[in-house]
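The values are calculated or read from the model by the stated rules, or taken from the named source; none is laboratory data. All figures in this text were calculated on a predicted structure; none of them were measured in a lab. Cβ: placed from backbone, ideal geometry, glycine included. Neighbour counts: every protein chain shown. For accessibility, only protein heavy atoms count, side chains too; no ligands or nucleic acids. Shrake-Rupley method; radii C 1.70, N 1.55, O 1.52, S 1.80 Å.
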Amino acid sequence: MQIPTLVSMRANFVLFGICVALSDAASLIATALVGKPQLVGAPVVRAATLAAAVAIAMIVRWLARRAFEAADSARHLASATRVPGLPVIAEGCSRDWLVQLHLELHATRAQRGTSQSSGARDVP
C-alpha cells in the first residue's frame with residue numbers, strides 16, 4: 001500500500017472514531033436525562049448511535065470539502081517547492097483545519113497537488 005492510502009485510511013478511521021465518541025456521549029446524556037441509562041446497551045439505541053455517527057461524519061466531510069473548495073478558489077492553497085506534489089495552506093485561511101482534514105481524507109488526490117486549479121503557485 002502507498003503512503004497516501006495509509007494516511008487516508010487513518011484519517012477516515014480517526015474521523016469515524018471521534019464521531020462515534022460524540023454520538024455515544026449524546027446517547028448517554030439523552031438516556032440519563034430520560035432516567036433510563038440502562039437503555040444505552042439496547043440494540044435500537046446502539047443502531048441509532050451508529051447512524052448518528054455516520055451522519056456526523058458525512059456532515060464533517062461535506063464541510064471539509066466546502067472549506068477546501070473555498071480555500072482553493074480564494075487562492076489559499078499552493079504547491080510546495082520543498083515537498084513536490086503536496087499543497088500548502090496559507091496562514092490567512094479561516095478554516096484551515098477543515099482544509100487539512102479534506103487533504104488527509106483524500107491524500108491520493110492531494111498528492112497530485114492543486115495543479116488542476118487555475119491558481120496554483122509555488123511557496124518556498
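Values computed for the structure shown
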| quantity | calculated |
| --- | --- |
| Of the criteria (1) within 30 Å of CYS93 (Cβ to Cβ); (2) open to solvent by less than 70 Å² (accessible area, probe 1.4 Å); (3) of a type outside the set (Ser, Thr, Tyr); (4) in a helix (DSSP H, G or I), which one ALA30 fails | (1) |
| Tally, over the range 9-27, of residues that are open to solvent by less than 50 Å² (accessible area, probe 1.4 Å) and in contact (Cβ under 8 Å) with a residue 40 or more places away in the chain | 3 |
| Within the range 55-70, considering residues that are over 16 Å from VAL99 (Cβ atoms) and among the small types (Gly, Ala, Ser), the one most open to solvent (accessible area, probe 1.4 Å) | ALA55 |
| Cross-chain or 6+ apart pairs with Cβ under 8 Å, the range 78-104 first and modelled with pLDDT of 75 or more, then of a type in the set (A, V, I, L, M, F, W, C) and assigned to a loop (DSSP other than H, G, I, E, B) | ALA78/ALA90; ALA78/ALA120; CYS93/ALA74; VAL99/CYS93 |
